[in-house]
Amino acid sequence: MIEYPFTNDMRTDTLHESLKTSAEYFKDGINGNDKSNQNVSNTMKIYFGLDVGKVNTDFVLNNEYNAVIAEAVKKFQFPYPRTSTALKEQKEEHLQMAPMRDLVKLLYFKYVANIGREDVDVSVSPEQFKDYMLANPKYATGEKDIHDVFNDIQNGESSFSYENNVTVVGGENGRMPRYMFAIVSKLPWIKEVVTKNKKSLALDFSEAKNDAKFWDLINYNEYWHPNDEKKFNEQKADYIDYLQIGQTNESTNTFKGGRNIIYYGAPGTGKSYRVSEEIKHDYIADYSSKQGSPDVFRATLHPEYSYSDFVGQLLPKVEQERVTYEFTPGVFTSALKHAISYPIRPTFLILEEMSRANVAAVFGDIFQLLDRDEDGRSEYTINNGLIAQNAILSDADGATDPNSCSVYLPENLFIVGTVNTSDQNVFAMDTAFKRRFTWEYVSPKVDEASFENNPDIEISSDMTVSWYKLYTTLNDFITRDLGLTEDKQIGPYFIKFGHSQMNPGKLVKDKLLQYLWEDVDVVARRMNGGARSLFDSKIASFADLYDSFGQKTVFSNKFIEKLKGSASNDSLDEGDDADGSERAED
């Protein structure tokens, strides 16, 4: 049975007053015998970390209520040591949840997912908070995270039940979720939305985006863990210490460590996915490539992509039949402005398919900024009036000559690129450009046991193999037998089968065969004096290849032998000849 004990003394309607009364109570040690003050102070102690000699107490005494409330919203969790019995039960149920913190993240996700759509409700109601989170055992025990909850709400899915060993303790009408909802509403960037006399909460991003406490909360993903070797009172003291606001210093006002990095590998290795996952895991816990983020800027380069596209350009604007010209910033200038405006957050400029454009021309004078010091700031600067005026100078600096203003990459700006090794011959990168990036190789190899993008592929009427066996055998054959370089290999996600309604064999036919024919077999024939070894000698044209695939064996005997040798667990006709000659004539 999952239980969420919560106090009777949480006076959310007068929360600031309760915090101040408690801070005064703890100011010089516990004084006075007022029973009411004792009860309120004990409540503020376990939920807001107020106690004798504690940092949070000093913050409240200085009227910095928002900082203490934000810290409590960020860190309040289950399990937590309100009582020894409750702590024991919560541990036995494997609870791990921070409901108030996740409520704020949920509001942020709804805001990001619906930017620019005024007709969409971006608020969260108390019922949604209770039903989709607190009454959801999968969320309570960590089987679902806040991203899953967001998707459930977006899709209107509510498959769990209150009867599924969940009790929302706290009196009639769900006092506990109501109190938590009220505490979150006290944050300065949370606004109440009233519809038909019912209150919901929404994020006021115009207030939140400039507040370090908001970004700290959004990016926080830690938990306090009970220490079983300590007595309950000691564990409780540890938890109260955990609730304290961290000591701030100058280094916390700027995120440091920005760098230039390129992920490279064969097509279909999941380079873009790798970028998104590392951003989420290491820097922005709430990041989702589908929903986007104000901190992440993406562009896909192509042969016609230019410096003007990258930095920005003057474009005409018509107002009242009068044509004027205004600077429209490109993705680099927009990312740079964001990074400088919000130095406490990492900012990412993601450039997909970098080798498909002339990157030396795209970067132009920005090339000079790519050398960075150990904090991530440019070692050298450039003077560029357009960039300076639109990304560096604030309104207060408007009188400054923009041409005299230095442009630099700040410590919190990451430039992340992806490169398909098969495209490197489109626009070659010179060594000077390459050495200013860290290059991380994304291997086509995956763990077969956990690989899910792996349907069975019918490559002929009498032979079926898994996608894993097919693509790994192809890669080995391309380098070992055809003598081609690794840039001709394919990755495990060259074809994504997951949500397609098309037959897997048809997907291979439509997405892979042309690549193998034009980019692999043609090159191999040139290298081998016209000899063909990937496809059967009877395949004279791509039309033959396309029409025969799935019906007849289109691959060479040598490749089929190698595929059979690596596919002993797949469905193969034992009566077929090893050399595949009968199939070719079928």
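The values are calculated or read from the model by the stated rules, or taken from the named source; none is laboratory data. For clarity, every value in this text was computed on a predicted model and none was experimentally measured. As a convention, Cβ positions derive from the backbone with ideal geometry for all residues, glycine included, and neighbour counts pool all protein chains shown.
When we screen 303, 294 for residues that are at pLDDT below 95 and either closer than 21 Å to residue 341 by Cα or assigned to a strand (DSSP E or B) (or both), the only hit is 294. For residues that are touching a helix residue (DSSP H, G or I) at 6+ places or on another chain (Cβ under 7 Å) and either more than 15 Å from residue 80 (Cβ to Cβ) or surrounded by fewer than 16 Cβ atoms within 10 Å (Cβ to Cβ) (or both), scanning just the stretch 35-50, find the one that is modelled with the highest pLDDT. Top of the filtered list is 50. Considering only residues of the stretch 274-300 that are more than 9 Å from the chain's Cα centre (by Cα) and among the β-branched types (Val, Ile, Thr), which is farthest from residue 214 (Cα to Cα)? Top of the filtered list is 300. Of the residues screened, residue 60 is one that is over 26 Å from residue 140 (Cα atoms), modelled with pLDDT of 95 or more and in a helix (DSSP H, G or I).
Considering (1) under 17 Å from residue 155 (Cβ atoms); (2) touching a Pro at 6+ places or on another chain (Cβ under 9 Å), the lone condition that residue 91 does not fulfil carries the number (1).
Table: residues versus (1) surrounded by 15 or more Cβ atoms within 10 Å (Cβ to Cβ); (2) touching a Gly at 6+ places or on another chain (Cβ under 7 Å); (3) not in a helix (DSSP H, G or I).
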{"position": "106", "(1), (2), (3)": "yes, no, no"}
{"position": "111", "(1), (2), (3)": "yes, no, no"}
{"position": "118", "(1), (2), (3)": "no, no, yes"}
{"position": "122", "(1), (2), (3)": "yes, no, yes"}
{"position": "128", "(1), (2), (3)": "yes, no, no"}
{"position": "138", "(1), (2), (3)": "yes, no, no"}
{"position": "142", "(1), (2), (3)": "no, no, yes"}
{"position": "153", "(1), (2), (3)": "yes, no, no"}
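Within the stretch 306-364, being over 25 Å from residue 215 (Cα atoms), of a type in the set (Lys, Arg) and touching a residue at least 60 places away in the same chain (Cβ under 8 Å) holds for one residue alone: 356. In the stretch 480-500, which residue that is hydroxyl-bearing (Ser, Thr, Tyr) and either closer than 22 Å to residue 553 by Cα or surrounded by fewer than 15 Cβ atoms within 10 Å (Cβ to Cβ) (or both) is modelled with the lowest pLDDT? Selected residue: 500. Within the stretch 511-548, the set of residues being among the hydrophobic types (A, V, I, L, M, F, W, C), in contact with a strand residue (DSSP E or B) (Cβ under 7 Å, 6 or more places away or on another chain) and not in a helix (DSSP H, G or I) comprises 534, 535. Right, residue 286: in contact with a helix residue (DSSP H, G or I) (Cβ under 9 Å, 6 or more places away or on another chain), more than 18 Å from residue 437 (Cα to Cα), acidic (Asp, Glu) and in contact (Cβ under 8 Å) with a residue 60 or more places away in the chain or not? For residue 286, the condition - in contact with a helix residue (DSSP H, G or I) (Cβ under 9 Å, 6 or more places away or on another chain), more than 18 Å from residue 437 (Cα to Cα), acidic (Asp, Glu) and in contact (Cβ under 8 Å) with a residue 60 or more places away in the chain - is met.
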